[in-house]
1. Out of [x] 22.7; [y] 20.6; [z] 24.2, which label holds the value of Kirkwood radius over Cα pairs in Å that was computed here?
2. Neighbouring Cβ atoms within 10 Å as the yardstick, rank Val250, Val97 fewest first.
3. How do 5-12, 252-259 rank on mean C-beta neighbours within 10 Å, highest first?
4. Using packing as a proxy for protection, rank 197-204, 138-145 so that the peptide with the highest average count of other Cβ atoms within 10 Å comes first.
5. How far is helix 295-304 tilted off the main Cα axis of the chain, in degrees rounded to 10, range 0 to 90?
6. Using +1 on the beta carbon of Lys and Arg, -1 on that of Asp and Glu, and nothing else charged, what's the dipole of the chain about the Cα centre, debye to 20?
7. Which distance in nm do the two modelled labels at Asp201 and Ala103 give, with both placed 7 Å along the Cα-to-Cβ direction?
8. Need one word for segment 5-74: rounded, prolate or oblate. Basis is the Cα gyration tensor (sqrt eigenvalues a ≥ b ≥ c); a/c below 1.5 gives rounded, then a/b vs b/c decides.
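What follows is calculated from the coordinates using simple rules that are stated; it is not laboratory data. Note that the structure is predicted; figures quoted are calculated from it, not measured. Note: ideal-geometry Cβ built from the backbone for every residue, glycine included; neighbour counts use all protein chains shown.
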Amino acid sequence: MHSEFLTIGAFAKASRLSPKALRLYDELALLRPARVDPGTGYRYYAVAQLGQARLVAWLRRLGMPLARIRAVCALDTADAARAVEAYWAAVEAETAVRRDLAAFLVDQLTAASREDHTTMLRLRHRAHSDRGRVRPANQDTVYAGRRLLAVADGFGPARAPASGAAVEALRYLDEFEEVAGDGVLRLLEDAVRSAGEAVCDLTGGDPSAGSTLTALLWTGSRLALVHVGDSRAYLLRDGELVRMTRDHRVAMRSPLLSKALGGDLDPVPDLRLEEAREGDRYLLCSDGLTEVVDDGRIRELLTAEPDPEAAARLLVDTANAVGGPDNVSCVVADVVPHLDEAVPLG
């Protein structure tokens with residue numbers, strides 16, 4: 001055999017792929033041999049194929065599915081690098097969700113021998129939404145009910161109807177009794193799938209139209225978070241502001257979303273459970289706030305106003321005071337003892 005060809009055994013050793021894997025990749029048209037002996041059917045590989053074979057081996061070690069590896073191998077090096085980066089970002093996000101669930105289960109099992117929830121808690125909240133100083137209409141939708149808090153930001157031709165459809169698909173959760181364990185996360189995931197279908201039906205599958213959706217569902221002592229897009233959720237605890245969500249954008253400074261409801265997508269939402277503590281303050285907001293008011297200033301404003309209604313209005317007014325280039329919507333929710341005087345919803 002010519003020196004530029006390697007037997008399957010030699011090629012397997014050089015590429016760190018087993019002969020069995022090479023035969024599978026041949027069948028899947030992922031890594032074809034350079035030559036097959038017509039008499040024996042024995043496979044031979046070109047030395048020049050080692051680079052692709054090693055790339056396949058590395059991607060398999062990352063856990064990338066074979067169908068995605070095939071797509072990456074068809075790209076030039078720059079696009080392949082971006083595809084690997086995007087894949088790993090998705091893996092890290094999914095791992096974070098599982099980590100949060102594991103932490104919740106550990107907490108549940110550890111607390112099983114203790115008396116549960118000596119202090120009953122509830123949410124005291126207000127919502128405020130404004131079209132801003134530039135947009136002719138408000139495309140955001142906010143909701144603050146008995147158990148459910150939500151912010152959605154419509155985009156494309158549908159805009160306000162898209163965000164309204166997204167939130168409307170979740171409103172039935174407000175009537176649910178408490179759901180134990182990770183059942184609430186499955187409930188939210190199913191609800192977001194229905195929201196995506198509702199937005200898609202409304203927009204006719206137009207990929208340029210859709211909505212973000214960020215929501216919190218109160219379970220009696222915990223808040224379950226679901227998130228798709230670049231609206232945000234924050235937690236203010238003991239004076240420290242923590243961002244609970246990551247923006248689903250193609251790039252950090254890009255306005256293009258990597259995840260949203262609508263089009264022909266079925267996005268996997270970010271999900272997590274948050275143990276609530278008395279004194280916690282939560283904020284849901286559209287990007288009309290976060291594009292013009294940084295996190296440090298948001299912390300100052302949330303800390304300055306003890307009343308949820310005043311805090312929500314202050315945040316919106318601050319965004320408008322610096323130009324209000326987009327619609328801005330905020331829901332501020334405080335965790336308080338259950339016997340606190342009720343505050344009517346607005």
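1. [x]
2. Numbers: Val250 13, Val97 17.
Least to most surrounded, the residues fall as Val250, Val97.
3. Details: 5-12: 17.4, 252-259: 13.0.
Order by mean packing, descending: 5-12, 252-259.
4. On the way: 197-204: 19.0, 138-145: 23.1.
Ranked from most to least packed, the peptides come out as 138-145, 197-204.
5. 20
6. Values: 42 positive and 51 negative charges, 364 e Å.
The calculated dipole for the chain is roughly 1740 debye.
7. The modelled label-to-label distance comes out at 3.7 nm.
8. Prolate is the answer for segment 5-74, as a/c is 1.5 or above and a/b outweighs b/c.
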